[in-house]
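First the structure, in the form of structure tokens, and then the observations on it.
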Amino acid sequence: MLEILGYYNYWVFALVLMIGFYAVVARGNLIKKLLGLSMLQSAVFLMYITLSKVEGATAPILQKGVEDQIYSNPLPQVLILTAIVVGVSTTALGLAIVVRIKEAYGTIEEQDILKASGP
Amino acid sequence: MLLDILSWILLCLGGGFVLVGGIGALRMPNFYTRMHAASLTDSTGSILIVVGVMCQAGLSLATIKLLTILIFLLLTGPTATYALANAALLSGMKPQADTDEGRSSS
Amino acid sequence: MIIVFAVFLLTLLVLTAVAVVRTENLFVAVMLMAIFSLLMATNFFILDAADVALTEAAVGAGVTTVIFLGALALTAEQEKPIVSGRWLPLAVVSVTVLVIIYASFDQPRLGDPGAPAHQHVAPWYLEKTAEFIDIPNIVTAVLASYRGYDTLGEVFVVFAACIGVLFLLSVPPVKPQKSKSSDNSSGLRHHLIPQVVGRLLVPFIFLFGLYVQFHGEYGPGGGFQAGAIIATGIILYALLEGEAAALNAIPKSVLMAMVCGGAMLYGMVGVAGMILGGNFLDYSVLHSDPVIGQQMGIILIEAGVGITVCGALLSIFHAFAERD
Amino acid sequence: MTNETIILLVLALPLLGAIGIVISGRISPNLREAVTLTTAGVLTWLVWSMVPDLMDGARPEISLYEIMPGINIAFRLEPLGMLFAALASGLWIVNSLYSIGYMRGNNESNQTRFYTFFAIAIAATMGIAFAGNLFTLFLYYEILTLSTYPLVSHKGDDKTVRSARVYLGVLLFTSIGLLLPAIIWTYVVAGTGDFTQGGILAGKLQGPAVGLLLGLFVFGVGKAAVMPVHRWLPAAMVAPTPVSALLHAVAVVKAGVFTITKVIIFIFGVDFLFNEPSSSWLLYAAAFTVIAASVVALRQQNLKRLLAYSTIAQLSYVVMATAILKPLAEIGAVVHIVAHAFGKITLFFAAGAIYVASKKTELPQLRGIGRQMPWTMAAFSIGALSMVGVPPTAGFVSKWYILAGAFQADNYVAIFTIIVSTALNAAYFLPIIYMAWFSQPENGASSGYNEAPFPAVLALTITAALTIGFFFFNGPILELERQLIEGLG
Amino acid sequence: MNITPHLPALQVVVPILSAPIVLLLRPKGMAWAMTTVTSLMAFCIAIAIVSGVQQGQVFNYLMGSWSAPYGIELSIDSFSAIILLVVTGASALVLIGARRSIDAQIESHRQPFFYAAWLLVLSGLAGIVVTGDAFNIFVFMEISSLASYVLIAGGPDRRALPAVFKYLIMGTIGATFYLIGIGLIYIMTGTLNLADMEVRIHEVADQSPVLLAAGFITIGLALKAAVFPLHLWLPNAYTYAPHVVTAFLAACATKVALYVLIRFDFFVFQQNLSGHDLQFSYFMIPLALLAALVASSMALFERNLKCLLAYSSVAQIGYIVLGASLVTVAGLTASIVHIFNHALAKGALFLAVACLAIRLSSTQLTDIAGVARRMPWTMAAFVLAGLSLIGVPGTAGFISKWYLITAVLAKGAWGIALVFIIVISSLLAVVYIWKVIEQAYFREPQQANGAVREAPLELLAVTWVAVLANIYFGFYPAIPVSLSSAAAELLLGQMPQ
């Protein structure tokens, strides 16, 4: 049973990644696409943090007292700190563009925009 | 030993309140009643759980931290519910009196 | 036992994700997205990533939801039901899921210490930080010093996003300015209770923000989280007291100065390292004793990051808020 | 002045001339004409001055610089190149003389552009003549195509633009599409692209690949107008006559045939190809083009289109002669290049003169034109006879050598084609001469025109005299050819 | 302190730190002046680095003086040197002439933001090329992408917004796939440093995660580089962006993504996965050929000039991928030379279009009818740049075509089929370039642009510098060719061929 649990995180990563990808590809609404995009990125963060976990370890903050304490891997966590802020920045920029599209086209549905901007 | 039993009781009670609040939010017919049920979880449920955990932690730095969290929750929980209800009222959702009573009075 | 708890949370996560995709109403979708971020933060905490959990909560749940709501106020609320082409993307997506799951069997199991990822670079950080930089929180050490160049890039990503939003939204709105009901611009003026509670809470939020900023070396914390927390504090103040009040508290020019100042501070620390004889972003030359130099460097650049992130998030919020 | 500096001077001179023409064009037309003529004259003198050294075996060679490892811009002078350069520079003088008369007579617009691009085209021709390797040849070949495009689309009206598009399309398609891969294939297989006596592909390529490479080359050189890629030549008839003269007699077409001959002699090697079965198809393709083009020429009513198709036939004549792969036939081929140049340029000058003087282009209109324009029609007749190959003209000399080569290789297909094509030539040239001199103009009224402007007529008579003169003193030309051939053994 | 050891760091630090300064410059022309001076400085640094690389100097710069696999290391070899030259050169050249064109399209109070974003794109691209760390590439890729979304969305045309939204979505998906790829490699090797990764990936036993990582990285970077099936964002983004932005991005944005794709594939994956080179070429060659044919034919029917050139960019990227996917030293040299030459040719073409666009109302083909008489110099520049794109001898395009066909022919029997496809698509290039030239030279001008004057002097001068560079590198291709063959040896050096 434990064997499956070991990979459960990666399966959830795959599922959420693909749900996000589906939202981006299949949904017409631009804001729904941005939501899908941030879900896509969150899934990747989950994958990195899963691979940083070590069995029976605590967060990589050195406790002065305890001697034989093992810590989980700090490197992926650093990468994810950076990636989260990248995700937020992309979403913020995307939303600014959606606001401008709403003012320019009056709609944020992809089909209407395509019709409006002609062939 | 006594502390453990006490914290177990408090935690189970807290859990029960949260469960009731959840079911209430689902079953209630309209917005205001549903919010009434949800606020139940917010106040009593959280107090019980946090106090239960504090018993578990015993006298240490963590207890003080838990205390501050409890105070923070007590401050923000009801305010949030009030703000929600106020906004609903402003945006025009009329609170609906009891159905039959509504009939007899109109 | 913790694994069972994790499995429960992860399943909840997947359900929230599906719910976000399926709902038609965008406000509901944004709220579900906030719940999704919170669940993600708890998951990170279970997987021993304290810093990342704090960031995900502060930046992911807090600021993103605020920006999404700001944008929703300006655009549509209801999504048009999907009409065509649902099956092809669904098929492609499911095939990819199966491929990833198939590949995951060769990867090392969750948390097994023997995995190559934990053999090569990570142990060096764990041992050498005490000796070189001597601060407990290794994540901040790696973030600020070992991979300081990444974080410099990171600061400039936020800088680019801030420029982008201000550049895009500096165009006067095309449609005539709707006559705004006065209460909105002056915040929830006549909502006494939220204002009182707000006025009580805001100073504590700032205090907590500063604590996170300067506590970064010892416990989970650092520039990004602190910037986000302070920004959320000011946004709460803006919502309660009205945007005009928030603007004269921190005017636009100060915000612009904060964004540029923070980025320049970070850069200048790096250049100082270069001038004093080390390589770019080398803090050990900042002080006679390299360890103190490293700590000084880390505090300075964390401050730079905090200022930039706070300035950027606020200017983005103001750009959205003054739009409608 | 060593030969090497002369080669560089010859390459640079027309370009300097072009710049000179552009500058003088602004000042006054006469100055521009003077500059053109002087450049042409000096160029011809320089080119001819190298002939004596070449006679006693000097092979000047110069390599400018290396673009890519193993590929450089190099020039090497040998008899074939020498002959072509001499022919082109000589005819440039005559052509400039003629175009002054034609342009003035027809008061064409933006003449400066015409002369400048003309000079650039001649520069490109010199480059092709002296090219030392395939890469340099291809470089100047492309410049020639691009510089002649503005000349062909001189008028700029819709019809010219469409046919100029065909002109450029076919030439660019064949050069980039077929010639470039062929050249690169040679570089890959043989390691070098330099023209060397006896060919560089011997032993490196066998079986059907040789035929394929040869095909790529022959059809790649669009300018040689072998049947499927000949479409551009009739389309180029929309250009003013001096340009058609340039295209047909002086530069473009000659460059095409010259490239094919050079490739066959210096890249493949005559004897390598001779005992290579897969290359015999070239002879049949050329023969087919000769006959087919002559048949089409029969039905043509427009004078210039008729001359165009006759050029296609004569070009494939030269290709066929080289394809016989016998020394005598090679001499015949090279001599035919010269003979055809003289004959065809005269015919074009005559056609141009008729157009300038009487605006007549269709054959039936030429009835009885001999009386009004005696000099033009006389030159026209000499040119026509040279095409047919009647003794006093140059055409006869080349046909004589090609036939001798064919007999030497007892290649009956070649012999049959030569006989049939001579008959066809006669069939479409002689009636014109008869109509011009001996029949009455149909309504007798159109006698308002008289001779073409004097410079045109002067150019006409010079080329006609050359056609006949070549028959009598072709000594130096043949001597050049013998040197070329003795290399082949 | 002598700065030569610090050159790699300065290459990125100088533009990135001047971005905030530019943002604060309010007076009118100052922002443009500062940006141009900075990118000229970056260009000089790039030249210093290239000359250093040519003398065999190896640049390995340790950020923060932490040794290689633990800290971030900047490593520059001849491959990154040539791309650096392209990026900084394109930015400096376009900026010098860009002032009037940008004044025409962007209000003056928004220009500081625009120029700051421009500097961020420049530093992002330079950052990617200079770094030797996989995650660092992701960070700088995000900086350059975000900033280029801002640049593209700057245009006055309302259709720029949906185009840039689509670019944002596909760009972010590409970056995220790239991030997943690095994650998978990190799981199997435990390192992020490229050189270290190349060594450690040898003994990774089980192949499927590495294969999956290769898949994710290739798809992610193909999205960024607009390789054929994933190029949908490029035409609209380049068409509706401001004219000088298109000139700059067309010259170098996609090239850097190709640089990362080639470096990752030849550095990392060729070592480990045994049959990978066959997989890579069997997968990429059909895509490249499709790109060349389909994109060129789509360019034929395009009415808008910039859209036409955008599709031709997709076709040329197909050539570059074709060269790389031959997995031979000659093939790789050809693709790297073509990166250099295509940047030159396409940059010059788009600059010429920018000159046209300033004077005419729009860049539709009907608008440039008969414009040659009034703007002779611009159209002459367009013709020469077009010839370089087609690959007429004597221009830079010809050199890369020559190398490409030699590389393909050396591949043996089915190489000849490839040659024909290359030749056909370059003939398509002849057709659509000539369509424009014929429109400009022979058609009657519309009354609207009757009184059109010649383009402003500095933009015209810049266009002509680009055109002359095209011709110069057509005759003296020593620098790009030597750099790219050294890079090809380096990348393929360890192959057990």
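The values are calculated or read from the model by the stated rules, or taken from the named source; none is laboratory data. From a predicted model like this one, the values you see are computed outputs, not experimental measurements. As a convention, Cβ positions derive from the backbone with ideal geometry for all residues, glycine included, and neighbour counts pool all protein chains shown.
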Quiz item: Among the residues of the range D:324-335, is any over 16 Å from the mean Cα position of the chain (by Cα), within 19 Å of D:T289 (Cα to Cα), in contact (Cβ under 8 Å) with a residue 24 or more places away in the chain and assigned to a loop (DSSP other than H, G, I, E, B)?
Solution: yes
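Yes or no, residue by residue, for (1) β-branched (V, I, T); (2) over 17 Å from D:M237 (Cβ atoms); (3) touching a helix residue (DSSP H, G or I) at 6+ places or on another chain (Cβ under 8 Å):
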| position | (1), (2), (3) |
| --- | --- |
| D:F268 | no, yes, yes |
| D:V318 | yes, yes, yes |
| D:H340 | no, yes, yes |
| D:I345 | yes, no, yes |
| D:Q372 | no, yes, yes |
Exercise. For D:S163, indicate whether it is among the polar types (S, T, N, Q) and either without any contact (Cβ under 8 Å) to a residue 60 or more places away in the chain or in contact with a His (Cβ under 9 Å, 6 or more places away or on another chain) (or both).
Key: no
Quiz item: Mind checking which pairs have a first residue in the range E:378-389 that is in contact (Cβ under 8 Å) with a residue 12 or more places away in the chain and among the β-branched types (V, I, T) and a second that is outside any helix (DSSP H, G or I) and crowded, with 24+ Cβ neighbours inside 10 Å, Cβ under 9 Å, 6 or more apart or different chains?
Solution: E:T378/E:A455
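Give the number of residues within the range E:401-424 that are assigned to a helix (DSSP H, G or I) and away from every other protein chain (no Cβ under 11 Å). So that I can check it myself, show each step before the final result.
We begin by selecting, within the range E:401-424, every residue assigned to a helix (DSSP H, G or I); these are E:401-409, E:415-424.
When the remaining residues are screened for being away from every other protein chain (no Cβ under 11 Å), the result is E:417, E:421.
Number satisfying all stated conditions: 2.
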Practice problem: Could you grab me the full set of residues in the range C:111-144 that are surrounded by fewer than 19 Cβ atoms within 10 Å (Cβ to Cβ), more than 7 Å from every other protein chain (Cβ to nearest Cβ) and in a loop (DSSP other than H, G, I, E, B)? | Solution: C:G114, C:D134
Practice problem: Hey, can you tell me all the residues within the range D:378-393 that are within 14 Å of D:I462 (Cα to Cα), among the aliphatic types (A, V, I, L, M) and surrounded by 24 or more Cβ atoms within 10 Å (Cβ to Cβ)? | Solution: D:A379, D:I382
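Out of all the residues in the range D:284-297, is one or more more than 14 Å from D:A225 (Cβ to Cβ) and either modelled with pLDDT under 85 or among the hydroxyl-bearing types (S, T, Y) (or both)?
Yes, that holds for at least one residue.
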Practice problem: Looking only at the range E:437-448, decide whether some residue is out of contact with any strand residue (DSSP E or B) (no Cβ under 8 Å at 6 or more places or on another chain), assigned to a loop (DSSP other than H, G, I, E, B) and within 11 Å of another protein chain (Cβ to nearest Cβ). | Solution: yes
Quiz prompt | Sole residue being more than 8 Å from chain C (Cβ to nearest Cβ) and either on the phi < 0 side of the Ramachandran plot or crowded, with 24+ Cβ neighbours inside 10 Å (or both), chosen from A:A96, A:A23, A:A59, A:A43 | solution = A:A43
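Go through the residues of the range E:238-245 one by one and say whether even a single one is on the phi > 0 side of the Ramachandran plot and surrounded by 24 or more Cβ atoms within 10 Å (Cβ to Cβ).
Step one: list which residues in the range E:238-245 are on the phi > 0 side of the Ramachandran plot, which gives none.
The answer is no; no qualifying residue exists.
Take the range D:52-99 and flag every residue that is among the hydroxyl-bearing types (S, T, Y) and either part of a strand (DSSP E or B) or under 18 Å from D:M126 (Cα atoms) (or both). Break it down into steps so the answer makes sense when it comes.
Restricting attention to the range D:52-99, the residues satisfying the condition of being among the hydroxyl-bearing types (S, T, Y) are D:63, D:65, D:89, D:96, D:98-99.
Once the filter is applied, which keeps residues that are among the hydroxyl-bearing types (S, T, Y) and either part of a strand (DSSP E or B) or under 18 Å from D:M126 (Cα atoms) (or both), the range D:52-99 yields D:S63, D:Y65, D:S89, D:S96.
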Practice problem: Select from the range C:264-283 the residues that are in contact (Cβ under 8 Å) with a residue 12 or more places away in the chain, out of contact with any Leu (no Cβ under 8 Å at 6 or more places or on another chain) and assigned to a helix (DSSP H, G or I) and list them in ascending order. | Solution: C:Y283
Self-check item: Flag if C:G261 is assigned by TED's automatic domain parsing to the domain that holds C:I205, under 20 Å from the mean Cα position of the chain (by Cα) and either assigned to a helix (DSSP H, G or I) or closer than 21 Å to E:A117 by Cβ (or both)
Solution: yes
Quiz item: Given the conditions (1) farther than 29 Å from C:G221 by Cα; (2) at the interface with another protein chain (Cβ under 7 Å from one of its Cβ atoms), which single one is not true for C:V28?
Solution: (2)
Quiz item: Taking interchain pairs and intrachain pairs at least six residues apart, which have beta carbon atoms under 8 angstrom, with the first residue in the range D:235-251 and part of a helix (DSSP H, G or I) and the second charged (D, E, K, R) and at pLDDT below 80?
Solution: D:V238/D:K155
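Just checking, does the range B:19-27 include any residue being surrounded by 15 or more Cβ atoms within 10 Å (Cβ to Cβ) and either closer than 26 Å to B:G92 by Cβ or acidic (D, E) (or both)? Let's see the steps before the verdict.
Applying the first criterion (surrounded by 15 or more Cβ atoms within 10 Å (Cβ to Cβ)) to the range B:19-27 yields B:20-22, B:24-25.
Okay, now just the ones that are also either closer than 26 Å to B:G92 by Cβ or acidic (D, E) (or both), so B:24-25.
Yes, the range B:19-27 contains a residue that is surrounded by 15 or more Cβ atoms within 10 Å (Cβ to Cβ) and either closer than 26 Å to B:G92 by Cβ or acidic (D, E) (or both).
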Quiz item: Are any residues in the range A:62-79 buried (at least 24 other Cβ atoms within 10 Å of the Cβ) and either facing chain C (nearest Cβ under 7 Å) or in contact with an Asp or Glu (Cβ under 7 Å, 6 or more places away or on another chain) (or both), and if so, which ones?
Solution: A:S72, A:N73, A:P74, A:L75, A:Q77, A:V78
Exercise. Please report, ordered by residue number, the helices (runs of 4 or more DSSP H) entirely within the range D:406-489 with at least 2 residues that are at pLDDT 75 or above and more than 24 Å from D:V390 (Cα to Cα).
Key: D:454-472
Self-check item: Candidate set: the range E:22-43, residues that are surrounded by fewer than 19 Cβ atoms within 10 Å (Cβ to Cβ) and within 25 Å of C:D150 (Cα to Cα); chosen: the one nearest to the other protein chains (Cβ to nearest Cβ)
Solution: E:L24
Exercise. Could you identify the single residue in D:S163, D:S244 that is surrounded by 21 or more Cβ atoms within 10 Å (Cβ to Cβ) and polar (S, T, N, Q)?
Key: D:S244
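Could you check how many residues of the range C:38-84 are of a type in the set (G, A, S) and at the interface with chain A (Cβ under 7 Å from one of its Cβ atoms)?
Start the filter on the range C:38-84 by keeping residues that are of a type in the set (G, A, S), which leaves C:41, C:49-50, C:53, C:57-58, C:60-62, C:70-71, C:73, C:76, C:84.
Narrowing the set further to residues that are at the interface with chain A (Cβ under 7 Å from one of its Cβ atoms) leaves C:49-50, C:60, C:71, C:76.
So the count comes out to 5.
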